[in-house]
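Any read-out appearing in this document is the output of simple, stated calculations on the displayed coordinates, not a laboratory observation. Just so it is clear, the structure is predicted and the values come from calculations on it, not from any experiment. Ideal geometry is used to build each Cβ from the backbone, glycine not excepted, and the neighbour counts take in all protein chains shown.
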Amino acid sequence: MYSRNKVRNLFKTYVNDGVTYDFVIMSRFDNISIMPKINFKHLNKTVVYIDHMHLPKKMFPDNLIIMQQDTCIKWFDIYDKLDIILNNIELNEKVKSYNESIFINAEQLLFAKYLLEFDNLDDICYF
């Protein structure tokens, strides 16, 4: 989470300087060889695309996430907000409502921080 937080901070400086992107991709370098072919022309810019590897569980695998730039900036300051994520009773209940738990690992933290910022999974598409 620390590295992704640093990437997010650097990315935010580019956005603040006026650079815009259609999509932002967060991926793990060790999964790049198994990345699916993606036709970006068919993607909805208001949706967050999450790999489906854990379905029917709702937690978010951290191997590939595609989102708009504002979502990335709002979501990926996880490291800076660990205390808030881990000690928020309301957030913990919201996570439990999806039959998930908050643990200190990437997948549960991604899931919890998304719910903290965006409240529900309405704009999530597992692919």
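Where a Cα-Cα gap under 13 Å defines reach, which aspartates and glutamates qualify for Lys37, not counting those fewer than 8 residues away within the same chain? Cα-Cα hits under 13 Å: Asp51. Checking the cross-link pairs Lys58/Lys96; Lys12/Lys58; Lys45/Lys96 against a 18 Å limit on the alpha carbon distance flags Lys12/Lys58; Lys45/Lys96 as lying beyond it. Amide H to amide H, with H built 1.01 Å from N, Gln68 comes under 5 Å of Val24, counting only residues 5 or more places away or on other chains.
At 10 °C and a viscosity of 1.306 mPa s, what translational diffusion coefficient does Stokes-Einstein give for the range 2-126, taking Rh as the Kirkwood radius over Cα pairs? Give it in µm²/s as a whole number. Write out the running numbers ahead of the final one.
Numbers: Rh = 15.1 Å.
Calculated translational D: 105 µm²/s.
Simple point charges give the picture: +1 on the Cβ of Lys and Arg, -1 on the Cβ of Asp and Glu, and for the range 57-127 a dipole about the Cα centre of about 220 debye. Taking a straight line from the alpha carbon of Lys6, these aspartates and glutamates sit under 14 Å away, with near neighbours fewer than eight places off in the same chain left out: Asp77, Asp80. Each principal axis of the range 53-114 carries a Cα extent, and these read 28, 28, 17 Å when sorted largest first.
Remark: spin-label model distance Glu90-Leu43 equals 3.1 nm, labels positioned 7 Å along the Cα→Cβ axis.
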